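Each remark here refers to the structure printed beneath this line.
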């Protein structure tokens, strides 16, 4: 199929990373098409550097109260005259965009009237990766090549990374404190190698707690782009992180141990990658550091 294809993926980081496979599959299925991604600003640069899209729009989630921005999106979607839409967000918002397009394009998703509905009644009980593959199969896509990730790299000369190190990701959504395991300071000295701590500026106090236990820990919080974070993970011996977007990014690049409590279900949203394991413990705060260290080091010794 040539023509114009729209892919919708708005957020969040973990979900965006888990859509790399579907992005690659859509590109392979439509080699001659002009493919546009509708997303949001935090993920636009990732998409623009990837090999899967000809165009990236970052205005995909205007506030409901912003009538002018919503009308602008309606006009833009209708003017583009897409032939097919793959809604990988499958939310009530993104389903509403079928009306924004005028209802003319073929539509893969859960919107009412979709030409290629994801009609599996168990879709809400499937892991994100399997759910999206199932959706694409129902739209006629059967080939799922491994996504090329060579573009996901960056210059790391400013960071003085040790030759072998563990990447720690101690943060999580500030609105979900139950997703934060407090044992990273106790974990760091148990790993037997230098550690680097990743996260946004809000995670700097967590890095300080780790550095209080391991003074030579490398604090990267607030200092890395998504490309640099991926490049750092590619060079790490292992990563240990909470259920948060950067852990998903690390998982596609190095052996990764993801920590879950009771606030989310790894059967539905655990990170995926070549070497990934999950520890789930309720309550997460009581997960013993020695158990995490044992699982992490075992993972680092596994072949890819």
For this session: Please specify each residue of segment 166-179 satisfying the condition of being over 18 Å from the mean Cα position of the chain (by Cα) and surrounded by 20 or more Cβ atoms within 10 Å (Cβ to Cβ).
Result: 166
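Residue-by-condition table, conditions (1) assigned to a helix (DSSP H, G or I); (2) buried (at least 21 other Cβ atoms within 10 Å of the Cβ); (3) in contact with a strand residue (DSSP E or B) (Cβ under 7 Å, 6 or more places away or on another chain):
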position: 82; (1), (2), (3): no, yes, yes
position: 102; (1), (2), (3): no, no, no
position: 108; (1), (2), (3): no, yes, yes
position: 130; (1), (2), (3): yes, no, no
position: 141; (1), (2), (3): no, no, no
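Yes or no: residue 292 more than 16 Å from residue 129 (Cα to Cα), modelled with pLDDT of 95 or more and surrounded by 23 or more Cβ atoms within 10 Å (Cβ to Cβ)?
So residue 292 fails the test.
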For this session: Please work out which one of (1) out of contact with any strand residue (DSSP E or B) (no Cβ under 7 Å at 6 or more places or on another chain); (2) in a helix (DSSP H, G or I); (3) over 23 Å from residue 127 (Cα atoms) is the condition residue 211 fails and give its number.
Result: (1)
Exercise. Residue 64 is checked against (1) at pLDDT below 95; (2) touching a strand residue (DSSP E or B) at 6+ places or on another chain (Cβ under 7 Å) and fails just one. What number does that condition carry?
Worked result: (2)
For this session: Could you check how many residues of segment 4-38 are surrounded by 15 or more Cβ atoms within 10 Å (Cβ to Cβ) and more than 13 Å from the chain's Cα centre (by Cα)?
Result: 17
Exercise. Which members of segment 199-208 meet the condition of being crowded, with 21+ Cβ neighbours inside 10 Å and out of contact with any strand residue (DSSP E or B) (no Cβ under 6 Å at 6 or more places or on another chain)?
Worked result: 199, 203, 206
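Consider residue 191 carefully, then state whether it is within 30 Å of residue 22 (Cβ to Cβ) and touching a residue at least 40 places away in the same chain (Cβ under 8 Å).
So residue 191 does not fit the description; no.
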For this session: Give segment 256-274 a look and list any residue that's in a loop (DSSP other than H, G, I, E, B), surrounded by 16 or more Cβ atoms within 10 Å (Cβ to Cβ) and under 16 Å from the mean Cα position of the chain (by Cα), or say none.
Result: 264, 270, 271, 272, 273
For this session: Collect the residues in segment 63-77 that are free of Cβ contacts under 8 Å to residues at least 60 places away in the same chain and either assigned to a strand (DSSP E or B) or within 21 Å of residue 110 (Cβ to Cβ) (or both), keeping them in residue-number order.
Result: 64, 70, 73, 74
Exercise. Given (1) over 28 Å from residue 272 (Cα atoms); (2) part of a loop (DSSP other than H, G, I, E, B); (3) in contact (Cβ under 8 Å) with a residue 40 or more places away in the chain, where does residue 51 come up short, assuming only one miss?
Worked result: (1)
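The values are calculated or read from the model by the stated rules, or taken from the named source; none is laboratory data. Every value quoted in this text rests on a predicted model; they were computed, and no experiment measured them. So basically every Cβ, Gly included, is an ideal-geometry build from the backbone, and we count neighbours across all protein chains shown.
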